[in-house]
Amino acid sequence: MRWLSVLPQQCILLMACLLMALEAVPIDIDKTKVKREGHVEKEKVENPDTGLYYDEYLRQVIDVLETDRHFREKLQTADIEEIKSGKLSRELDLVSHHVRTRLDELKRQEVARLRMLIKAKMDSVQDTGIDHQALLKQFEHLNHQNPDTFEPKDLDMLIKAATSDLENYDKTRHEEFKKYEMMKEHERREYLKTLDEEKRQREESKFEEMKKKHGDHPKVHHPGSKDQLKEVWEEADGLDPNEFDPKTFFKLHDVNNDGFLDEQELEALFTKELEKVYDPRNEEDDMVEMEEERLRMREHVMNEVDINKDRLVTLEEFLRATEKKEFLEPDSWETLDQQQLFTEDELKEFESHISQQEDELRKKAEDLQKQKEELQRQHDQLQAQKQELQQVVKQMEQKKLQQGNPPAGPAGELKFQPPGEHKVADAPKNPAAGDQPLPPGHVQEPAAGTDQVHP
């Protein structure tokens, strides 16, 4: 798992165009002589996921707006405050018809996608209640009241939503990590309760041994300090540590040559420090904790260096930071294993919340089991009634056979004819008198209901 840090203005389509107009700082150095790690460089160049649920829509809007020359020119002169305030959004009315048409199409696709997801969500929670406010929040990055056209209001909402969400992204990740650590401790304690005294002591000893082993690592340099950067200069870049030059260092690690060190490029600088503490092959090292450590390092450097708080480090800001006392004589850096991540009270509150959730799930499981038993009871009852009716029908047919009456079919017809009996309708009719000659000596009897005539 990798914590994503993306510049708000870059993700909201703004810096992508602005950075294209900036000139790279000229530095005389042959990059072909610099030792690089291929997988690290590839990771930094790739376009990472912002972590936003509308990430694809955001990127598509950026790509389309970049194709308009007028909008790109306006963007070159805009600052971050103009972007956040919505002033730049009004320039959307002046873009080409082709761009507007494409943006309209993107918005319709996004609205359709959100409606489909919300419908699926409503179907899945129909028995447990629906949080309508949470569903409406899914539309905060666009104007859903006008689902067919992309207007300046849509661009303004997209900018503000992305900026706010990205600014809160790190905070959300810290909270998730804290819950992760408390859950680990909760599960460990619950497991200990299932052991006898001897096994419990062995597990506690093993736990303390692993903690000690994890904490036994080389000194971690203060992120952003001269010692830390020189180590990258020497081990990652393959350069002489005695020739360390901040300006050259900046250029080397500005991978996309846009004139800035963004959050991704900064995080890549801490790989060597993290490798001192975490090894995926070691049982005692948790890779989730490693990513939290990386996030903490990046946040610290941004707070120290990023003067205008635009989540970008310019060359000027970087060089100014190298002149500070903290750069040359930094305080020691405390890793996660040296800090108290939560208190006992916080753990108890968390466990109480977990217990409440378990009780709710248990109650729901019991209700479902009762429903299952009731359905089974009804099924068994219907089966018994069916068997009883079949038995009654069978007894009635046997009784008819005993009385000499053939059993009847579903419509009352006879299933078979007893020997010697024929249906009346199938009996041959006597030919009419005079139609055929009678044999000698045969006297035709008068038909029933006619008077006999005597000579």
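The values are calculated or read from the model by the stated rules, or taken from the named source; none is laboratory data. Every value quoted in this text rests on a predicted model; they were computed, and no experiment measured them. As a convention, Cβ positions derive from the backbone with ideal geometry for all residues, glycine included, and neighbour counts pool all protein chains shown. Only protein heavy atoms, including side chains, enter the accessible area calculation; ligands, DNA and RNA are left aside. Shrake-Rupley method; radii C 1.70, N 1.55, O 1.52, S 1.80 Å.
Here are a few things to note about the model shown:
- Of all aspartates and glutamates in the structure, those lying under 12 Å Cα to Cα from Lys171, and not within fewer than 8 positions of it along the same chain, are Glu292, Glu299.
- Within the shell defined by Cβ-Cβ distances under 14 Å, the residues around His222 carry a net charge of -1, with Lys and Arg each +1 and Asp and Glu each -1.
- Rounded to two decimals, the Cα-based Rg/Rh of the stretch 141-232, with Kirkwood Rh, is 1.29.
- Using a probe of 1.4 Å on the protein chains alone, the accessible area found for Ser352 is around 70 Å².
- Burial ranking of peptide ranges 164-170, 236-242 (average Cβ count within 10 Å, highest at the top): 164-170, 236-242
- Spatial offset of the stretch 301-370 relative to the stretch 141-159 amounts to 33 Å, using the alpha carbon center of each.
- At a probe radius of 1.4 angstrom, the accessible area of the stretch 195-342 per residue rounds to 52 square angstrom.
- Debye intensity ratio I(q)/I(0), log10, the stretch 191-339, q values 0.11, 0.20 Å⁻¹ (C-alpha model): -0.50, -1.27
- For the stretch 178-279, the C-alpha radius of gyration sits at 1.63 times the compact-globule guess of 2.2 N^0.38 Å, with N the residue count.
- Karplus-based coupling profile of the stretch 57-71, in residue order and whole Hz: 4, 4, 5, 5, 4, 4, 4, 5, 5, 5, 7, 8, 5, 4, 5, with θ = phi - 60° in 6.51 cos²θ - 1.76 cosθ + 1.60 and x standing for Gly or Pro.
- Diffusion of the stretch 313-363 by Stokes-Einstein, at 10 °C in a medium of 1.306 mPa s and with Rh set to the Kirkwood radius over alpha-carbon pairs, works out to 103 µm²/s.
- Pairs exceeding a 28 Å alpha-carbon distance, out of Lys137/Lys178; Lys211/Lys348; Lys179/Lys212; Lys206/Lys348; Lys87/Lys247: Lys87/Lys247.
- Along each principal axis, Cα extent of the stretch 54-160, largest first, Å: 53, 28, 21
- Solvent-accessible heavy-atom area per residue, rounded to whole Å², over the stretch 54-160 at 1.4 Å: 58
- Neighbour net charge for Glu334 - beta-carbon separation under 11 angstrom, K R +1, D E -1: -2
- Cα pair distances in the stretch 281-412, grouped into 5 Å bins until the bin that holds the longest one, percent each: 2, 7, 7, 8, 7, 7, 7, 6, 5, 5, 4, 4, 4, 4, 3, 4, 4, 4, 3, 3, 2, 2, 1, 0
- Within the accessible area of the stretch 195-342 (1.4 Å probe), percent carbon and sulfur: 44
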